[in-house]
1. Which value, in debye to the nearest 20, describes the size of the charge dipole of the chain about its Cα centre when Lys and Arg Cβ atoms bear +1, Asp and Glu Cβ atoms bear -1, and nothing else is charged?
2. If amide H atoms are built 1.01 Å from N in the plane of the peptide, which residues on other chains or at least 5 residues away come under 5 Å of the amide H of Ser227?
3. Can you find, among Gly130, Leu116, Leu105, the residue sitting farthest towards the positive end of the charge dipole of the range 100-146, where Lys and Arg contribute +1 and Asp and Glu -1 at Cβ?
4. Where in the range 308-343 are there chymotrypsin sites (Phe, Trp or Tyr not before Pro) that are in a DSSP coil and have at most 12 other Cβ atoms within 10 angstrom of their Cβ?
5. For the range 103-229, what is the accessible area per residue in Å² when the probe is 1.4 Å?
6. Can you grab the distance from the C-alpha centre of the range 423-466 to the C-alpha centre of the range 519-561, Å, no decimals?
7. How high is the relative contact order of the chain, in percent, with contacts defined as C-alpha pairs under 8 Å that are six or more residues apart?
8. What FRET efficiency would be calculated for the residue pair Thr214, Glu8, taking the C-beta separation as r and a Förster radius of 22 Å, to the nearest 0.05?
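The values are calculated or read from the model by the stated rules, or taken from the named source; none is laboratory data. Keep in mind it's a predicted model, so treat the numbers as computed, not measured. Please note: Cβ atoms are built from the backbone with ideal geometry, for glycine as well, and neighbour counts cover all protein chains shown. Keep in mind that these areas ignore ligands, DNA and RNA; they rest on the heavy atoms of the full protein, side chains included. Shrake-Rupley method; radii C 1.70, N 1.55, O 1.52, S 1.80 Å.
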Amino acid sequence: MTGEKDIEEQLRRLRDELHGHNHAYHVLDQPTVSDAEYDALMRELRALEEAHPELVTPDSPSQRVGAPAAEQFAQVQHEVPLLSLGNAFDDDEFMAWHARTAKSLEVDGFDMACELKYDGLAVALVYEDGGFVRGATRGDGRVGEDVTANLRTVRAVPLRVQGKYPRRFEARGEVIYPKSKWHKLNEERAAAGLPLYANPRNTAAGSLRQIDSTVTASRPLDIYFYSLGWAEGWSKEAPQTHSESLDALKGMGFKVNPHNRLVKTADQVLDYYKGWLERVESLDYGCDGVVVKVDRLDYQRDLGQVGREPRWAVAYKFPAIEVTTKLLSIEVNVGRTGSINPYAVLEPVKIAGAMVKQATLHNEDLIRQKGLRIGDTVLVRRAGEVIPEVIKSVESKRDGSETEWEMPTACPSCGEPVVREEGDAMAYCVNVACPMQLQRTLEHFVSKGAMDIDGVGEKQVAIFLEKDLIQDAAGLYSITKEQLLDLERFAEKSASNIVAAIAASKEQPLARVLVALGIRHVGTENAELLARHFKHMDALASASQEELAGVEGIGPVIAETVWDFFQNAKNRDLVKRLAEAGLQMEMEAGPEGPQSLE
Ligand code: IVH
């Protein structure tokens with residue numbers, strides 16, 4: 001029979017191994033085993049713990065599932081208060097902070113740690129003898145809520161740390177809800193008719209502050225650690241700088257952001273700021289600025305704080321991307337497929353430097369779910385290159401004069417009926433010959449990701465159609481400079497530029513031509529897959545649904561829409577005339593032969 005000591009040893013081994021795999025997957029993003037192997041180890045651990053419940057410890061990897069908790073969160077007094085941050089809103093304000101700080105320190109320059117400012121929920125986690133013992137929300141900075149059970153379910157929170165660590169310490173960080181997963185969650189909620197979440201930050205906070213931590217366990221929360229709150233009992237020399245303390249945390253297995261930078265000059269900070277201002281949307285979490293911290297801890301001590309704000313750090317905020325304004329009306333336009341797309345007409349408002357007058361509303365159901373009424377004060381978001389979006393109504397601002405919106409029953413372009421089929425999110429104009437559909441199809445054809453015809457956009461397409469210069473995309477290729485000049489809408493130079501740009505587009509590769517055709521689901525990526533596989537438009541046009549679905553990366557749904565497209569005689573005729581006009585119908589052989597994927 002196996003002795004108690006052996007079992008303990010076996011449990012320790014299993015737990016260590018699982019902690020290691022967990023760290024590799026959730027902190028380093030470099031999995032060391034397959035999910036199946038991980039699950040098998042976890043099952044082994046659970047079986048052993050079930051047989052020996054007295055040996056279950058709170059830091060066991062099996063304890064991440066959460067436990068139905070008591071009625072309320074206990075209050076936790078932070079041993080060292082969590083501070084706030086002073087803000088800078090432009091370069092001058094940041095430079096003023098830098099100059100002031102240098103003057104106080106009586107130095108010309110000082111090292112600074114540049115970090116992202118996460119838009120999540122601040123937490124402080126206490127570790128004793130290498131184990132996670134208590135975690136709390138920031139609260140008012142002095143007293144927070146005990147969310148230990150919930151934090152244990154967050155995969156990137158180490159339940160036990162590795163390597164060398166102080167006997168007692170506090171790691172501080174920000175809990176975030178990954179944006180990609182948040183969008184998915186909201187899509188699922190929309191489909192299920194549930195109210196939508198306003199933003200990832202609120203969802204992160206809501207998920208962490210669940211009385212029942214099994215709910216938290218079901219949410220894909222993540223965390224970045226940005227400081228060592230306090231520490232006692234170092235087994236090696238204590239860090240002398242902020243960046244060294246982050247390195248120490250990283251060494252213990254905490255997730256520290258890879259985008260942190262240590263810089264020497266204020267100009268380098270401005271570069272870091274500008275770089276992230278442009279790229280912030282590429283992050284999978286909310287980020288509303290950068291945080292700049294004096295790196296040397298002795299300097300931090302010398303500088304001290306004013307009120308709750310340390311003099312040694314500053315948040316240089318990005319311009320707000322969410323603002324409120326009035327929803328003046330809801331209009332619709334007709335899409336390429338005949339879909340009737342509602343959009344918001346807004347009282348013009350400046351968001352992150354750009355004037356916003358319109359915002360997308362997607363579809364009827366989303367308008368209902370967001371409870372939007374005409375005349376409402378609404379929260380509008382504009383981020384990066386993304387089309388502005390109405391997030392929600394501010395219900396407290398209503399005065400009773402607001403009105404509900406109804407989907408129009410007739411197409412605004414051709415007056416034919418608008419129909420919404422059961423199970424469809426979108427309503428459509430029933431008229432396949434609706435002039436607006438053709439306009440949109442052509443706008444797509446000439447657009448950047450398709451044939452990329454410079455100088456031809458919405459306005460020019462509308463003129464060509466109105467003046468009967470073209471009936472479809474192939475018509476573009478027989479437009480002459482003289483025709484354009486005759487219209488008296490184009491000057492000599494713009495007329496020759498347009499004709500040249502149209503001619504140049506004939507060199508666009510097969511994949512671009514496929515995108516330009518506007519087949520549903522065939523964007524850049526799928527077009528590349530199809531072009532590479534079939535190499536010739538004719539081969540693609542005559543492929544069976546089975547052949548299409550057999551292409552790596554192309555599923556049955558795409559296969560069907562592509563097949564459908566080429567079954568239509570009008571579409572085949574269009575492709576034929578585009579070929580006659582001289583567009584690329586064959587994939588060019590690369591330097592390493594036609595198979596080259598690079
Ligand atoms: S350091 C100086 N670093 O900002 C002490 N805070 O206004 C401040 N925050 O609620 C903490 N990203 O949760 C620090 N990289 C970062 C941060 C960060 C976001 C939050 C923090 C706190 C607030 C302070």
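1. Values: 69 positive and 94 negative charges, 230 e Å.
Its charge dipole is roughly 1100 debye.
2. Arg172
3. Leu105
4. On the way: sites: Trp312, Tyr316, Tyr343; in loops: Trp312.
Sites meeting the loop and neighbour criteria: none at all.
5. Details: 4920 Å² over 127 residues.
Ligands and nucleic acids excluded, the figure is 39 Å² per residue.
6. Value for the Cα centre distance between the two parts: 23 Å.
7. On the way: 1027 pairs, mean separation 62.3, N = 598.
Here the relative contact order equals 10 percent.
8. Numbers: r = 28 Å, r/R0 = 1.26.
It comes to 0.20.
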